[in-house]
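Encoded as structure tokens, the structure appears first; notes follow it.
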Amino acid sequence: MQLTEVQLDAIRELGNIGAAHAATTLSQMLMCQINMSVPEVRVVDIGQIYDYIGDEYSAMVVFQLQGEIEPGGYIVLLVSRESALRLTNTMLGMSDTDREFGEMDQSALLEIGNIMISAFLDGTAMLLGIVMLPSPPEMAIDMAHAGMESLLATMDADIDEVILFRTELMDEEHMVNSDILFLPDTRTLTDILRLLENVVGPM
């Protein structure tokens with residue numbers, strides 16, 4: 001699907017609204033000021049997604065998209081090991097980033113990811129006038145390409161495009177870079193673009 005610049009701008013604004021909601025919720029959860037922005041949005045063919053993600057050791061928190069938009073799709077929070085440890089350190093009150101990414105970190109990141117993605121979807125869905133919810137999260141710790149390949153092999157939706165939101169989270173001390181990968185079913189993406197057009201006008 002070839003999107004116009006107006007459609008891309010509308011999706012970028014959708015991402016920024018979702019990021020604002022996520023930042024507010026994370027700030028309340030972590031009890032510190034979190035700022036979150038979406039400096040870059042790309043819509044890429046699913047077969048080319050490997051060109052846009054690194055292959056460092058990463059944590060991948062995966063959700064199925066649920067709610068009023070069917071058949072839905074998937075949404076993925078992809079965070080490098082270093083950034084994941086910074087996030088979990090903030091939650092756990094720790095500072096060591098040289099340790100292994102253990103069960104405690106996984107549990108903390110699942111909770112952070114769940115809160116972050118729920119708020120992100122809540123903000124975007126509010127703009128669209130619908131309900132979008134994430135399923136309970138699942139986590140994979142692997143090289144980014146291997147984790148994505150495993151996910152693609154198990155998906156049961158008709159997905160052609162990936163909306164890639166580059167996100168930056170910053171607290172008083174640290175910058176955390178992450179990617180939110182939105183993999184909507186083809187029909188779901190069409191519905192989202194239609195709803196966006198209702199909000200912003202003809203695209």
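I'd like the carbon and sulfur percentage of the solvent accessible area for region 69-203, probe radius 1.4 Å, heavy atoms only, ligands and nucleic acids excluded.
So the carbon and sulfur contribution to the accessible surface is 48 percent.
Report, in deg cm²/dmol and to the nearest 500, the calculated mean residue ellipticity at 222 nm for the chain, where each DSSP H run with n ≥ 4 adds -39500 (n - 2.57) and the sum is divided by the residue count.
-15000 deg cm²/dmol
Relative to the longest principal Cα axis of the chain, at what angle does helix 81-92 sit, 0 to 90 degrees, rounded to 10?
70
By per-residue mean of other Cβ atoms within 10 Å, what is the highest-first order of 92-99, 36-43?
36-43, 92-99
From Cα pairs below 8 angstrom and at least 6 apart in sequence, can you work out the relative contact order of the chain, rounded to a whole percent?
34
Could you list the square roots of 5 times each eigenvalue of the Cα gyration tensor of region 1-59, that is, the equivalent ellipsoid semi-axes, sorted largest first and rounded to whole Å?
Each semi-axis is √(5λ); the values are 26, 19, 7 Å.
Per residue, how many Å² of accessible area does the chain show with a 1.4 Å probe?
Here the per-residue accessible area is 47 Å².
What's the local net charge at Asp158, with K and R +1, D and E -1, over the other residues with C-beta under 10 Å away?
-2
Where the centre of each part is set by its Cα atoms, how far does region 108-169 sit from region 1-78, in angstrom?
Each part's Cα centre sits 7 Å from the other's.
Inverting the mean 1/r over all pairs of different Cα atoms, compute the Kirkwood radius of region 79-179 and quote it in Å.
After inverting the pairwise mean of 1/r, the radius is 15.4 Å.
Ordered by residue, what ³J(HN,Hα) values in Hz, to whole numbers, does region 113-119 give under the Karplus form 6.51 cos²θ - 1.76 cosθ + 1.60, where θ = phi - 60° and Gly and Pro are x?
So the Karplus estimates, Gly and Pro as x, are x, 5, 5, 5, 6, 4, 5 Hz.
What shape does region 13-130 take by its C-alpha gyration tensor, where a ≥ b ≥ c are the square roots of the eigenvalues and a/c under 1.5 counts as rounded, a/b above b/c as prolate, and the rest as oblate?
In terms of gyration-tensor shape, oblate.
Mind giving me the nanometre distance, one decimal, between the label points for Val131 and Arg194, set 7 Å out from Cα along Cα→Cβ?
2.0
Rounded to whole Å and sorted largest first, list the principal axis extents of the Cα atoms in the chain.
Largest first, the chain extends 50, 35, 27 Å along its Cα principal axes.
In whole Hz, with x marking every Gly and Pro, tabulate ³J(HN,Hα) for region 19-35 from phi via Karplus 6.51 cos²θ - 1.76 cosθ + 1.60, θ = phi - 60°.
5, 4, 5, 5, 4, 4, 5, 5, 4, 5, 5, 8, 6, 8, 6, 10, 10
In debye, nearest 20: dipole of region 143-203 around its Cα centre with unit charges on the Cβ of K, R (+) and D, E (-)?
220
The values are calculated or read from the model by the stated rules, or taken from the named source; none is laboratory data. On a predicted model such as this, the values are computed, not experimentally measured, just so you know. Every residue, glycine among them, receives a Cβ derived from its backbone with ideal geometry; neighbour counts consider all protein chains shown. With ligands, DNA and RNA removed, areas are computed over all heavy atoms of the protein, side chains included. Shrake-Rupley method; radii C 1.70, N 1.55, O 1.52, S 1.80 Å.
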